[in-house]
Amino acid sequence: MFNLRNSLLTICWLLFSVTCYSQVSTLQNIQSRKTLSLNGKWNYIVDPYENGYYDYRHDPFDQSKSGSGGFYDDKVQKDKTELIEYNFDLSPQMNVPGDWNSQSEKLELYEGTVWLRRKFNAEPLKDKRYFIYFGAVNYEAHVYFNGKKLGVHKGGFTPFQFEVTDKIKAGENSLVVKADNTRKPDEIPTVNTDWWNYGGITRDVFLAEMPVHFMNDYKLQLAKGSTSLLNFSVQLADATAGQNIILSIPELKLEKTYTTDTEGKVNQQLTINKLSLWSPENPKLYAVNIKSNGENIQDKIGFRTIAVKGNNILLNGKSVFLRGISIHDENPLLAGRLRSEGDMRMMLQWAKEMNCNYVRLAHYPHNEEMVRLADEMGILVWAEVPVYWTISWTNPVTYANAKQQLTDLIVRDKNRASVIVWSVGNETPLSEPRHLFMGNLVDVARTLDDTRLVAAALEVHREGNTIILNDPLGEKIDLVSFNEYAGWYWGGTPSEITRYSFNIKYNKPVVVTEFGGDALGGFHADANTRWSEEYQEALYKNQITLLSKIDALRGMTPWILTDFRSPRRQHPVYQNFWNRKGLISETGKRKLAFFVLKDFYNQMQIKYKY
Ligand code: GCB
């Protein structure tokens with residue numbers, strides 16, 4: 001019976017995977033394209049009843065025969081009695097990129113719809129194509145351009161774009177986004193998370209001007225296991241054959257011309273001896289140019305290998321210990337999503353100050369700029385999708401959404417040397433449908449990229465003093481990674497947790513994804529007093545003793561670099577909507593545990609000579 005159910009489920013999944021794959025990917029390397037930034041001040045209307053979307057019978061305006069009438073349609077507004085009661089021109093403004101929660105006190109806890117509008121001037125050329133590109137909108141975005149609907153995108157952390165070639169006008173254009181961050185059970189993530197549900201257009205917006213045969217996507221990376229063989233691929237958006245593509249890496253005096261095949265693709269291998277390999281100690285990036293008729297894309301790309309052998313993680317063939325820390329995409333000092341390169345550099349610099357060579361960008365795709373900075377600063381990256389806690393495992397639409405988010409993340413960041421791990425989720429409760437869902441995501445990640453490690457943050461359970469990891473997903477992934485909160489959620493005081501030992505089913509490198517406990521920066525007491533810096537300090541010392549019992553321990557990303565905001569954290573004295581597990585407080589103060597971890601990482605660096 002059980003097996004029959006499983007087989008049916010598998011068949012459903014397989015059918016679904018085939019039918020739902022996949023939309024055209026977004027422009028690779030938007031930063032190097034010809035763009036007009038649409039960042040800046042956008043007018044906004046808070047619309048908790050979705051008045052601008054549904055008419056008074058609750059029928060969507062944009063599905064009516066004329067497809068017009070909502071807040072997106074300035075012209076119709078004048079004639080329709082229902083919707084005379086708004087005015088975008090006179091509405092307040094907010095910064096884009098920027099979450100709305102941190103820009104208006106009224107919106108701090110708001111979950112629902114906000115309309116945002118930006119007008120801009122354009123001078124479109126006849127032989128070009130035009131796209132509106134969003135770095136991310138949380139969560140559901142309905143996008144309208146000059147009164148017409150372009151489409152809908154779901155998923156709060158990945159880029160998307162719409163073509164506007166046939167809609168863009170000379171002179172003034174109007175771009176309207178209905179952004180809705182309502183939490184829903186069947187979405188990715190689901191209703192329950194431990195982070196602030198920042199809504200809005202949280203990353204850059206661009207108008208991109210593209211030549212007719214533009215390069216939609218490209219990849220330049222070392223082939224699996226090789227330190228000299230490069231895979232190079234390009235995909236033209238319009239699948240035109242016979243176009244010349246020139247790859248050049250001036251520093252290596254390399255220039256090669258390829259021709260696109262009948263699908264508009266280049267798919268080639270080339271050998272380069274004596275590459276200077278990228279690593280945290282040598283974050284070498286090569287300037288790369290990819291030219292076509294009408295485009296010259298510039299990128300900076302590093303080359304390295306990553307592999308697992310027995311209990312070891314091999315970076316460029318050498319065993320490495322991942323001295324890591326987890327990070328949310330949030331600025332603790334000015335609460336809100338990280339807004340600028342400066343914000344992001346600050347976070348990564350803090351990690352470096354602790355002697356980290358690795359960060360876990362939890363629990364969703366972070367800004368592309370963050371990953372580029374990690375490349376530049378020499379920090380290895382674990383990248384994750386928000387398959388977090390209790391996802392709707394049996395809903396194929398939910399799976400398709402997760403798969404799309406994973407695909408978009410891998411497509412976006414596949415040329416970044418810093419990224420060594422794709423994580424398909426965090427702390428998901430064990431069940432057959434969950435194994436199938438996440439197992440399929442592992443397969444997707446491997447199909448899209450056979451050069452990086454695939455992992456997930458798993459859960460452990462206890463029997464007596466033994467901490468057990470036997471999650472079946474462990475078979476399919478490359479690392480043993482788990483979250484373990486001894487000394488905080490269970491296990492007694494910090495000094496008591498060293499009585500535990502581990503029983504780990506898999507003979508793979510162990511990279512612990514989380515441990516930690518809350519401490520209010522500046523609150524001092526003895527090591528048994530919860531919320532004090534001393535408690536957290538003792539917890540870190542004893543966790544390190546505990547985890548060091550694992551022979552295969554090859555890294556960790558304790559929870560977390562800085563305090564972060566979460567509506568789940570309600571202690572009125574110590575938390576006030578802040579998760580206090582940061583090693584750095586919301587005022588930037590290094591807590592005592594910061595120095596414990598730094599010391600440990602100094603020792604690990606000496607031990608691994610890396
Ligand atoms: C976890 C979650 C993380 C939470 C953390 C906590 O296991 O993965 O998102 O914030 O615990 O503080 O409880």
Within the stretch 545-567, does at least one residue satisfy the condition of being of a type outside the set (A, V, I, L, M), closer than 21 Å to TRP195 by Cα and either surrounded by fewer than 16 Cβ atoms within 10 Å (Cβ to Cβ) or at pLDDT below 95 (or both)? yes
The stretch 422-440, subset more than 16 Å from the ligand (Cβ to nearest atom) and not in a helix (DSSP H, G or I), residue farthest from LEU406 (Cα to Cα): SER431
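Residue-wise test of (1) assigned by TED's automatic domain parsing to the domain that holds ALA374; (2) over 30 Å from ALA237 (Cβ atoms); (3) acidic (Asp, Glu); (4) surrounded by 17 or more Cβ atoms within 10 Å (Cβ to Cβ).
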{"position": "VAL288", "(1), (2), (3), (4)": "no, no, no, yes"}
{"position": "GLY294", "(1), (2), (3), (4)": "no, no, no, no"}
{"position": "ARG323", "(1), (2), (3), (4)": "yes, yes, no, yes"}
{"position": "SER326", "(1), (2), (3), (4)": "yes, yes, no, yes"}
Taking the condition within 13 Å of the ligand (Cβ to nearest atom), out of contact with any helix residue (DSSP H, G or I) (no Cβ under 9 Å at 6 or more places or on another chain) and either in the same structural domain as GLY317 (by TED's automatic domain parsing) or closer than 21 Å to ALA351 by Cα (or both), does TRP559 pass? yes
Which condition from (1) surrounded by fewer than 23 Cβ atoms within 10 Å (Cβ to Cβ); (2) within 16 Å of the ligand (Cβ to nearest atom); (3) at negative phi; (4) of a type in the set (S, T, N, Q) is the one that ASN503 breaks? (2)
Taking the stretch 168-185 and keeping residues over 17 Å from LYS119 (Cα atoms) and polar (S, T, N, Q) leaves ASN181, THR182
Residue list for the stretch 223-253, restricted to those being within 25 Å of the chain's Cα centre (by Cα), part of a loop (DSSP other than H, G, I, E, B) and closer than 19 Å to ASP450 by Cβ: ALA223, LYS224
In the stretch 370-397, anything under 19 Å from ASN138 (Cβ atoms) and within 16 Å of the ligand (Cβ to nearest atom) is listed as ALA383, GLU384, VAL385, PRO386, VAL387, TYR388, TRP389, ILE391
Go through the residues of the stretch 153-166 one by one and say whether even a single one is in contact with an Asp or Glu (Cβ under 7 Å, 6 or more places away or on another chain), surrounded by fewer than 23 Cβ atoms within 10 Å (Cβ to Cβ) and either closer than 24 Å to ASP238 by Cα or in the same structural domain as VAL46 (by TED's automatic domain parsing) (or both). yes
Have a look at PRO572, PRO567 and point out the one that is within 16 Å of the ligand (Cβ to nearest atom) and outside any helix (DSSP H, G or I). PRO567
Sort through ASN576, ASN503, ASN602, ASN542 and tell me the only one that's of a type outside the set (Lys, Arg) and either in contact with a Phe, Trp or Tyr (Cβ under 7 Å, 6 or more places away or on another chain) or closer than 30 Å to LYS476 by Cβ (or both). ASN503
Got a sec? Which of VAL512, VAL480 is under 24 Å from ARG580 (Cβ atoms) and crowded, with 21+ Cβ neighbours inside 10 Å? VAL512
Pairs needed: first member in the stretch 120-142, over 21 Å from GLU295 (Cβ atoms); second member anywhere, assigned to a strand (DSSP E or B) and basic (Lys, Arg); C-beta distance under 9 Å; at least 6 residues apart or different chains. TYR139/LYS154; GLU140/LYS154; GLU140/LYS178; ALA141/LYS154; ALA141/LYS178; HIS142/LYS149; HIS142/LYS178
Does VAL460 qualify as being out of contact with any Lys or Arg (no Cβ under 9 Å at 6 or more places or on another chain), within 16 Å of the ligand (Cβ to nearest atom) and under 26 Å from GLY302 (Cα atoms)? no
What number goes with the only condition from (1) assigned to a strand (DSSP E or B); (2) in contact (Cβ under 8 Å) with a residue 40 or more places away in the chain; (3) surrounded by fewer than 17 Cβ atoms within 10 Å (Cβ to Cβ) that LEU220 does not pass? (3)
For a quick check of your reading of the model, give me the residue pairs whose first member lies in the stretch 377-390 and is farther than 17 Å from ASN355 by Cβ, whose second is assigned to a strand (DSSP E or B) and among the basic types (Lys, Arg), with beta-carbon atoms closer than 9 Å and at least 6 apart or on different chains. TRP382/ARG360; ALA383/ARG360; GLU384/ARG360
Test of understanding: among ASP450, ASP443, which residue is in a loop (DSSP other than H, G, I, E, B), among the charged types (D, E, K, R), surrounded by fewer than 21 Cβ atoms within 10 Å (Cβ to Cβ) and at pLDDT 95 or above? ASP450
The residue that is farthest from ASN355 (Cα to Cα), considering only those in the stretch 577-596 that are within 16 Å of the ligand (Cβ to nearest atom) and either of a type in the set (Ser, Thr, Tyr) or not in a loop (DSSP other than H, G, I, E, B) (or both), is TRP578
With respect to the numbered conditions (1) away from the ligand (no atom under 16 Å from the Cβ); (2) assigned to a loop (DSSP other than H, G, I, E, B), which one is the sole condition not fulfilled by ILE544? (2)
Only strands (runs of 3 or more DSSP E) wholly contained in the stretch 458-521 count here; list those with 1 or more residues that are over 16 Å from VAL421 (Cα atoms), of a type in the set (Ser, Thr, Tyr) and free of Cβ contacts under 8 Å to residues at least 40 places away in the same chain. 466-469
Go through (1) closer than 30 Å to GLU111 by Cα; (2) in contact (Cβ under 8 Å) with a residue 12 or more places away in the chain one by one and return the number of the condition GLY242 breaks. (1)
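The values are calculated or read from the model by the stated rules, or taken from the named source; none is laboratory data. Treat the numbers as computed from the prediction; the structure is a model and nothing was measured. Glycine gets a Cβ as well: all are built from the backbone with ideal geometry, and neighbour counts include every protein chain shown.
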